[in-house]
Amino acid sequence: MEGGGAPPETLTEESQSGCVLPTSLEASGLKKSSWGFLLTGIVGGTLVAVYAVATPFVTPALRRICLPFVPATAKQIENVVKMLRSGRGPLVDIGSGDGRIVIAAAKEGFTAVGYELNPWLVWYSRYRAWREGVQHLAKFYISDLWKVTFSQYSNVVIFGVPQMMPQLEKKLELELQDDARVIACRFPFPHWTPDQVTGEGMDTVWAYDMSTFRGSEKRP
């Protein structure tokens, strides 16, 4: 062709190439940026949701004493049920966690109540009681154990920690009736002598009858 210029086909290809390549790169960059923002939002939202839901489960359920939520094992529940007086009097679980003990007691015919400071665990316990069909016998309340009076209960269950047991021992001594039975799981009371002991290791359960304790106090 005259003038020695490039063929029209080449010019067209160069022109198209010069326009398409930058546009393609720009679109790709915008797409990656959008995906990046979306992924960051999803991860951030997930972390916030997990924090909101999980924090109440792992923070102490009681404010005065650090008592973290540790679910009762099947063996611990079995040992507690063994120690309960069959069908006699109302039961309370102090720091009821996810409601396993209260629900197990309700299945045995007890009117059972759980006090728990963690609202997420209380709501979950109520759901579990409904699912197990014992919601009429198993009740759960959001409350600090130090603000509750236990005088109306014949059976008291506590999954405690060593730091809280001396204070709780004094509280129960003042409030419980002579016919009450206290069942301690994982850790015993420091000054009381148990009437019965069952299980081994962390599954050990100690049962204390207030009548025995107060009877020994009265003897010279």
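Multiply the residue separation of GLU108 and VAL148 by 0.36 nm, subtract the distance between their alpha-carbon atoms, and state the gained length in nm to one decimal.
Fully extending the segment from GLU108 to VAL148 adds 11.9 nm.
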Beyond 21 Å (Cα-Cα) in this structure, taken from LYS147/LYS171; LYS107/LYS139; LYS82/LYS147; LYS75/LYS170; LYS82/LYS171, we find LYS82/LYS147; LYS75/LYS170; LYS82/LYS171
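So with the 1.4 Å probe, I'd like the accessible area per residue for the stretch 107-168, rounded to whole Å². Write down the numbers at each step before the final one.
On the way: 2900 Å² over 62 residues.
On a per-residue basis, 47 Å².
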Subtracting the Cα-Cα distance of GLU200 and LEU174 from 0.36 nm times their residue separation yields 6.4 nm
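Once fully extended, how much extra length lies between VAL70 and LYS82, figured as 0.36 nm per residue of separation less the alpha-carbon to alpha-carbon distance? All intermediate terms of the calculation are to be shown ahead of the outcome.
Working: separation 12, 0.36 × 12 = 4.32 nm, distance 2.08 nm.
Length gained, VAL70 through LYS82: 2.2 nm.
VAL156: net charge of surrounding residues, Cβ under 9 Å, Lys/Arg +1, Asp/Glu -1, itself excluded? Show your work: numbers first, answer last.
Numbers: positive: ARG181; negative: ASP93.
Surrounding charge for VAL156 is 0.
The values are calculated or read from the model by the stated rules, or taken from the named source; none is laboratory data. Source: prediction; values computed, not measured. All Cβ positions, glycine included, derive from the backbone under ideal geometry; neighbour counts span all protein chains shown. Calculation scope for accessible area: heavy atoms of the full protein, side chains included, ligands and nucleic acids excluded. Shrake-Rupley method; radii C 1.70, N 1.55, O 1.52, S 1.80 Å.
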